[in-house]
Every structure is written in structure tokens, then in C-alpha cells.
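Enquirer: Provided herewith is a single structure, encoded as C-alpha cells, for subsequent inquiry.
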Amino acid sequence: MNIFLIADTHFGHDKLINEGYRPSNYNKLLNNNLKSLPENSILIHLGDVCLGDDSKEHERYIKPLKCRKWLVKGNHDNKTNNWYLEHGWDFVSTAFIGRYFGKKVLFSHKPKIIHDAIDLNIHGHFHNSDHRWQEPKLLVRLTKRHRLFSAETSNYKPILLEKFINKNYDHSEEVTKLFKYKRLLKV
């Protein structure tokens, strides 16, 4: 069984298009890529499914997916867990921990402070733009054991969890540069 990751789909969030963060066809790209997931797979969504008419967006984009769907609620996912379960999700949580491909992984929307028993924190929230980098209280949490999943950098495609875990990714240098740029870090 394959397990895939996606985050910050923001279906129906036109502001992302209008402000130049995403292409005008991003809803279609995401939808086509998600629809291609096999029925016997699991999709872990790291939050912020949609903005706007949640019922309409879930009916259009989430319910038709044939795979199993696990949601880690993000800052824009404000409905009850039962609401999400009734609208196409098989599992809903604010975060969860599991052992996958030899690593103990914490899945969350925003990066979390992690202790030594956790190998990785896979999270979303920051996207691939600076629109979230003004949250220094979250940025200081980032370590070599944090992995940002960004729909923008995956070309709006879900990524295999195994591939993502085994990817050698360290965004601490990028964060330091942004801290310096935003004058959040004294040099």
C-alpha cells in the first residue's frame, strides 16, 4: 500500500491566484493529480483543505477521491472532526505520530517542537512563499528534523511518503537567510 502526502491545497482560495502565489489553474492541477491516486493508497493531507464554501469544495474535490483520506487539520480547517468525517475523510486529527519507513514521524500542519523520541516532524503551513515567514515563533522551531511539504514545490502533486522521508532535506539555512532578511535574527 502506498502512502502519499499533500498539504495546503486551499481549494477555492482565489486570493492565492490574485496575489500571484499560485497559477490560475492550481485547483485543476491538484484535483487531477489527487484523482490519479490508486484506490488502495492512503492520502495524508497536512491541513488547509479549502477556503470559502467548505461543503461545495469537499463535494467537488475530496469525496470523489477513491483512496483513503487522512486529514491533519490546519489553521483554516475549522469544522468539527465529525463534519470532516461526514464530508469524505476517513481519519481526522490535529496531529498524529506513527512509525513509517524506519522513522518515528509526527505529522502536523504547523511545525511543532519535537523531543528526542521523534525522528521527523512533517508539516505544511509555510507554502513556498514568504507569506507565512512573518511567524518567527514558528520559524525558531525548525530544525534538521523538520520537513516542510509544499504543494507548490511538488508541482501540485502528492508525493510518496517513503520518498519524502528518505529525501535529504534541511531547510535551516533557508530559514536563517529569511531571518536575516526580515531582521529577525541579529547577525
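Enquirer: What is the sum of charges, Lys and Arg at +1 and Asp and Glu at -1, for the other residues whose Cβ falls under 10 Å from the Cβ of ALA151?
Expert: -1
Enquirer: Rank these for me by crowding, HIS127, HIS87, HIS45, going from fewest to most other beta carbons within 10 Å. Display every interim value, and only then the final one.
Expert: On the way: HIS127 22, HIS87 18, HIS45 28.
Placing the least packed residue first, the sequence is HIS87, HIS127, HIS45.
Enquirer: List the pairs from LYS28/LYS104; LYS79/LYS103; LYS56/LYS144; LYS28/LYS112; LYS15/LYS35 whose alpha-carbon separation is above 29 Å, in the order I gave them.
Expert: From LYS28/LYS104; LYS79/LYS103; LYS56/LYS144; LYS28/LYS112; LYS15/LYS35, over 29 Å: LYS28/LYS104; LYS79/LYS103; LYS56/LYS144; LYS28/LYS112.
Enquirer: Ranked by Cβ crowding within 10 angstrom, fewest neighbours first, how are THR94, THR153 ordered?
Expert: Neighbour counts put them in this order, fewest first: THR153, THR94.
Enquirer: Follow-up. With r defined as the distance between the Cβ atoms of ASN166 and ASN40 and R0 fixed at 35 Å, what FRET efficiency is calculated, to the nearest 0.05?
Expert: It comes out at approximately 0.95.
Enquirer: When a footprinting reagent is the concern and you count Cβ atoms within 10 Å, what order do GLU57, GLU162 take, fewest first?
Expert: Working: GLU57 20, GLU162 14.
Lowest to highest Cβ neighbour count: GLU162, GLU57.
Values quoted throughout were computed directly from the atomic coordinates according to the rules given, and no laboratory measurement underlies them. These numbers were taken from a predicted model, which means no experiment stands behind them. No Cβ is skipped: glycine too gets one built from the backbone with ideal geometry, and neighbour counts run over all protein chains shown.
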